[in-house]
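Before any comments, here is the structure.
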Amino acid sequence: MELFYGPLILIVLVGIELFITQFWYKKQIPWDEISMNLNSGQVLLWVFRGLEIVGYYHLEKLIGMGLFEGFPTWTVWLVAFLLWDHQFYWLHRLHHKIPILWYVHEVHHQGEHFNLSLGIRNSWFSSLTSLPFFIPLALIGIPADIFLLVSSFHYFVQFYNHNDIIQKSPILDILFVTPDLHKVHHATNDVYKNKNCGGTLNIWDRVYGTFQKQIPGVDMTLGLSKPYQSGNPFWMNIIPFSKRHKRPLNSVSRDTFIHVSTFLLYFELLTYIYLEERVELIVKILYFLLIFLGTISSGGMHENKTWGIIGWTLITLLLPLLILGVTDLQIPILISLSAINLVYTIILLIRKYSLKSMSHE
């Protein structure tokens, strides 16, 4: 049940930042990109993150040397905190240097705007390519529960470091990675490339020669050196591996109403996490498939594909059958989400038909 609150807090903070950006700073919100950040395939990311934790657990049991048995608990936490951050530095740096790893990490760098939602955008395969770098923690005997909590803390710090509200932190810059420093990492300028690879502490960048502050007068361009434009999470995650194929420059829909689908999918992910320990395996598999197919269909809608809206409509009709027919759990939040999804889809279809009719007049 506690796992449910992590992703919930993230989406709430994303919403707060968007509210402040829109109504306090009066800045234009890049809804296309926000939508893609949230729709990068979070349900698959969640499953692979689970596999990473399970994999670590078995590795620690298999090769763990138990070096910290009998040591005070605080020393285990401290070593885990520092070693995890050190290993993440090399994980991150090598994901920029080794092509096959860059194809995975590139998904995170496709975003061209700096905000908290970018901290959620990651490749489907990021957890799978991360695990080998944490083998040293398993080898010395860091327990899986401590590994999980320490990694969750570090990932939250990294999420925070993508915010566009609080960036300047001169004192924290001395020791920690801050939004100001991490923004440098996302820049495509030659002077900034492959700099600031640290996760929480910037001492690793200082020690290994990759530390870089923002240079006054040098404007930063964020994103990738080569253009990328697609609303489809499949292309987002797969095309980096297909270097021989031309990168898609598909027409992305400007209809902001379509972006609602990505928020609905995120809340469906929350219900999936909520249900994990409450339903049978077959229900979890079916719900996972519906959310994942919804992710692909939403991507199709973002690219103005007819199959996208057809797929979304079918999934909308199947969702209440799963919730009310396959399970015995009559949970109000699930019923409410299904109803909201149905209303949204009806309005979406009406808008689509109306706009199409107007274009033919």
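Hey, among Ile140, Ile120, Ile166, Ile135, which residue is in contact with a Gly (Cβ under 8 Å, 6 or more places away or on another chain) and either in contact (Cβ under 8 Å) with a residue 24 or more places away in the chain or surrounded by fewer than 21 Cβ atoms within 10 Å (Cβ to Cβ) (or both)?
Sole residue among the options that is in contact with a Gly (Cβ under 8 Å, 6 or more places away or on another chain) and either in contact (Cβ under 8 Å) with a residue 24 or more places away in the chain or surrounded by fewer than 21 Cβ atoms within 10 Å (Cβ to Cβ) (or both): Ile140.
Looking only at residues that are part of a helix (DSSP H, G or I) and of a type in the set (D, E, K, R) in segment 265-312, which one is surrounded by the fewest Cβ atoms within 10 Å (Cβ to Cβ)?
By that ranking, first place goes to Lys284.
Looking only at segment 17-50, which residues are in a helix (DSSP H, G or I), more than 14 Å from the chain's Cα centre (by Cα) and surrounded by 13 or more Cβ atoms within 10 Å (Cβ to Cβ)?
Selection gives Glu17, Leu18, Ile20, Thr21, Trp31, Asp32, Gly50.
Can you go through Gly55, Gly41, Gly50 and tell me which one is within 19 Å of Leu137 (Cα to Cα), assigned by TED's automatic domain parsing to the domain that holds Phe147, touching a residue at least 24 places away in the same chain (Cβ under 8 Å) and not aliphatic (A, V, I, L, M)?
Criteria check complete, one pass: Gly55.
Considering only segment 117-135, I want to know if a residue exists there that is over 30 Å from Lys226 (Cβ atoms) and in a helix (DSSP H, G or I).
Yes, because at least one residue in segment 117-135 is over 30 Å from Lys226 (Cβ atoms) and in a helix (DSSP H, G or I).
With a cut-off of at least 2 residues that are surrounded by fewer than 18 Cβ atoms within 10 Å (Cβ to Cβ) and under 21 Å from the mean Cα position of the chain (by Cα), name the helices (runs of 4 or more DSSP H) lying wholly within segment 174-246.
233-238
Answer yes or no as to whether Leu148 is under 24 Å from the mean Cα position of the chain (by Cα) and either of a type outside the set (Ser, Thr, Tyr) or in a helix (DSSP H, G or I) (or both).
Against the criterion (under 24 Å from the mean Cα position of the chain (by Cα) and either of a type outside the set (Ser, Thr, Tyr) or in a helix (DSSP H, G or I) (or both)), Leu148 qualifies.
The values are calculated or read from the model by the stated rules, or taken from the named source; none is laboratory data. All values derive from a computational prediction rather than experimental measurement. Ideal geometry is used to build each Cβ from the backbone, glycine not excepted, and the neighbour counts take in all protein chains shown.
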